[in-house]
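The next block holds one structure in the form of structure tokens; read it before the comments.
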Amino acid sequence: MLGIVCNGMVVFGRNRPEGKILETVGVFEAVKQHGKYETGQLFLHSVFGYRGIVLFPWHARLYDRDITPPMSDSKPEPPGAHGSKEVKGKTHTYYQVLIDTRDCPHISQRSQTEAVTFLANHDDSRALYAIPGLDYVSHEDILPYNSTEQVPIQHELFERFLMYNPAKSPPFTARDTLKAWQEKNHPWLELSDVHRETTENIRVTVIPFYMGMREAQNSHVYWWRYCIRLENMGNEVVQLRERHWRIFSLSGTLETVRGRGVVGREPVLSKEQPAFQYSSHVSLQAPSGHMWGTFRIERTDGSHFDVRIPPFSLESNKDDKAPGHTFGPGPAWIV
């Protein structure tokens with residue numbers, strides 16, 4: 001069992017030799033309808049139920065295709081996209097957060113807990129490396145609470161990034177190490193655009209991140225990470241069976257990728273566990289491009305329908321002047 005809010009208290013179930021017991025870990029606070037949560041804010045994730053703490057906010061542009069825009073706000077689609085209009089983005093707050101490691105095993109089947117990945121900086125390395133227990137959380141997914149514990153979140157970075165200060169509210173403030181880490185890693189941590197679209201009660205949210213450029217076989221290879229969340233907004237139990245991607249590169253190529261499931265899984269989305277979240281990577285031999293596609297969803301009676309993945313841009317940072325490291329040969333894309 002993960003966290004629940006009961007009579008204003010944040011409660012977790014724990015397995016003990018005498019059986020499962022409930023423990024109170026904090027006191028629920030009023031949800032902020034306006035403004036943003038500060039560094040050090042404890043929260044319960046409203047969808048995945050884990051405990052976390054806010055490191056810092058990001059201001060993103062949310063492109064929600066479920067909102068019909070005026071014709072004057074429409075923008076052209078990328079070549080070959082599925083025809084719905086590009087909507088005008090609105091500013092929305094997301095948060096970089098730490099996930100309590102005690103809760104990671106309970107959410108691993110519904111959400112990857114390695115939401116931040118980096119290109120290796122070592123010569124002759126082809127590896128991506130990940131920081132576990134970092135996530136990006138939308139403002140409406142935050143259920144804030146407070147705790148009297150000085151170390152309420154278990155994560156190896158908690159005490160390196162935050163210090164207890166009872167004179168502050170919330171009573172956890174950023175150490176210089178957190179500020180330095182944010183400044184150093186800003187280019188590939190930054191969240192700028194979020195894309196959302198709903199098909200037959202299945203909402204798909206996509207967040208792309210530019211990771212950098214590497215040299216491979218005397219050419220430049222540009223890498224992106226993208227995080228995808230599927231959420232069942234209805235009552236029907238469904239299962240993701242296939243993915244179908246279209247990848248357009250500024251160099252003029254259009255690739256098609258089909259496969260079973262996502263990241264080796266075919267998740268079931270039900271009312272009890274409505275969401276699944278994962279990350280993957282893609283590379284192009286051009287500084288920009290677009291991706292879009294569909295997920296094939298199966299109902300319990302065996303029938304299928306396709307859920308649209310909203311088109312999203314793959315844009316490299318214009319000020320990316322860091323010298324390229326040898327990343328090694330590899331495919332033009334990974335999905």
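The values are calculated or read from the model by the stated rules, or taken from the named source; none is laboratory data. Note that the structure is a prediction, hence the values are computed from the model and not measured. So basically every Cβ, Gly included, is an ideal-geometry build from the backbone, and we count neighbours across all protein chains shown. Areas reflect the complete protein model, heavy atoms only, side chains present, ligands, DNA and RNA absent. Shrake-Rupley method; radii C 1.70, N 1.55, O 1.52, S 1.80 Å.
Chymotrypsin sites (Phe, Trp or Tyr not before Pro), restricted to segment 141-180: which are DSSP loop and have at most 10 other Cβ atoms within 10 Å? The partial results should precede the final answer.
On the way: sites: Tyr145, Phe158, Phe161, Tyr164, Phe172; in loops: none.
Those that pass, being in a loop and sparsely packed, number zero.
With all protein chains in place and a 1.4 Å probe, the accessible surface of segment 192-322 carries 42 percent carbon and sulfur.
If you take the square roots of the eigenvalues of the alpha-carbon gyration tensor of segment 171-249 and sort them as a ≥ b ≥ c, do you get rounded (a/c under 1.5), prolate (a/b over b/c) or oblate? Since a/c reaches 1.5 but b/c is at least a/b, the shape of segment 171-249 is classed as oblate.
Extension gain Thr173-Asn201, at 0.36 nm per residue separation less the Cα-Cα distance, in nm? Before the final figure, lay out the partial values.
Working: separation 28, 0.36 × 28 = 10.08 nm, distance 3.99 nm.
So the chain would gain 6.1 nm between Thr173 and Asn201.
Measuring r between the beta carbons of Thr253 and Lys88 and using R0 = 25 Å, the FRET efficiency lands at 0.30.
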